[in-house]
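Chemist: Dropping a structure here in structure tokens format, bear with me for questions.
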Amino acid sequence: MTEHASFIVAGLTLADLIDSVGGRVAGLAMSKDSNAKLTIILFPPGQDRPVYVAKVPTTDVGARRVAQEAALLGDLELRGIGPIGETIPHIVTMVEHLGRPVLVTNALPGRNMFADGRRSRSDREPLRS
Amino acid sequence: MRSGPPVEDGVWDVLFPTVSLWINARWSLRARQLERQLAASLRRGDVAVVMPPWAAVRSATDATDLASVRHYIALPSRRRPKVVASSHPEVLRYVSDKVLTVPPGAGPVSGLLLAGLLRLLRHRTAWDLAAAASGGGVVLIRRPG
């Protein structure tokens, strides 16, 4: 795992990050494959929407995928891809958890399309003209 | 009262890296019981107490002089959590509105049933009931450094 060390902010851990938002987090553990990653959504105090998202690998394979994703996102930012760049997460920092790299990006607003399709008409937001 | 770590502790390892002692308090935990447990444990570090959210509110506040207290709810259960959310209303609301969804492939009837359950989770009480039913309420007690 030392191969990831150059990505990591020295001394900063995921636990520090969680502490910095007062423990206001949601952890999602949906992945079952060998690239296993946990997603931690972080809500700073006083905000009702997440500001950061952390991808935490749970295996060495997952750690390599996270490092690759960080490299890819960094490359996209350098390329300057115009307005579409606003739809892509930006790297905030890389921290460490148990010696593995954790990718921290900004949280992008979005909506759950599948759930929206199942909501009743009264729950749906009116279409904007 | 029993002690022991969760079975699948990937999420817990990430969220509670400093926890060295798990206590299953079932329905309530008095501050004196907690102090006895802490004294009996030679392990340092923080403590996670498994208890329903409302029990946590009642008893864990007695222990706030020990350290800071944070409440979490795990779904569908503490032992096999898919989602662990801090019990702040805005966090729970965001998870139920924007994160949880009916899984692809659910049939029309089960899909509607699940969608209805997800709508219920917009309300804090539903989270509390789900946590109580599945044993998914966990209190993190940070011991002073």
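Chemist: Hey, can you grab everything whose amide H is under 5 Å from the amide H of B:ILE23? Only 5+ residues off in sequence or another chain; H modelled, so Pro and N-termini drop out.
Modeler: B:GLY4, B:ALA48, B:VAL49, B:VAL50
Chemist: Apply 1/(1 + (r/R0)^6) to the Cβ-Cβ distance of A:ASP60 and B:ALA126, taking R0 = 30 Å, and write down the FRET efficiency to the nearest 0.05. List each step's numbers first, then the result.
Modeler: Details: r = 39 Å, r/R0 = 1.28.
The pair A:ASP60/B:ALA126 has a calculated efficiency of 0.20.
Chemist: Now a separate question. How long is the gain from A:SER31 to A:GLU77 if the chain were fully straight, where each residue apart is worth 0.36 nm and the alpha carbon distance is subtracted? Walk me through the numbers on the way to the answer.
Modeler: Working: separation 46, 0.36 × 46 = 16.56 nm, distance 2.68 nm.
Difference between extended and current length: 13.9 nm.
Chemist: Can you run phi through the Karplus equation (6.51, -1.76, 1.60; θ = phi - 60°) for region A:95-101 and list ³J(HN,Hα) in whole Hz, with x for Gly and Pro?
Modeler: So the Karplus estimates, Gly and Pro as x, are 10, 10, 9, 6, x, 9, x Hz.
Since every read-out is calculated from the coordinates, none of them should be taken as a lab result. What you are looking at is a predicted structure, and each value in this text was computed from that prediction instead of being measured. Every residue, glycine among them, receives a Cβ derived from its backbone with ideal geometry; neighbour counts consider all protein chains shown.
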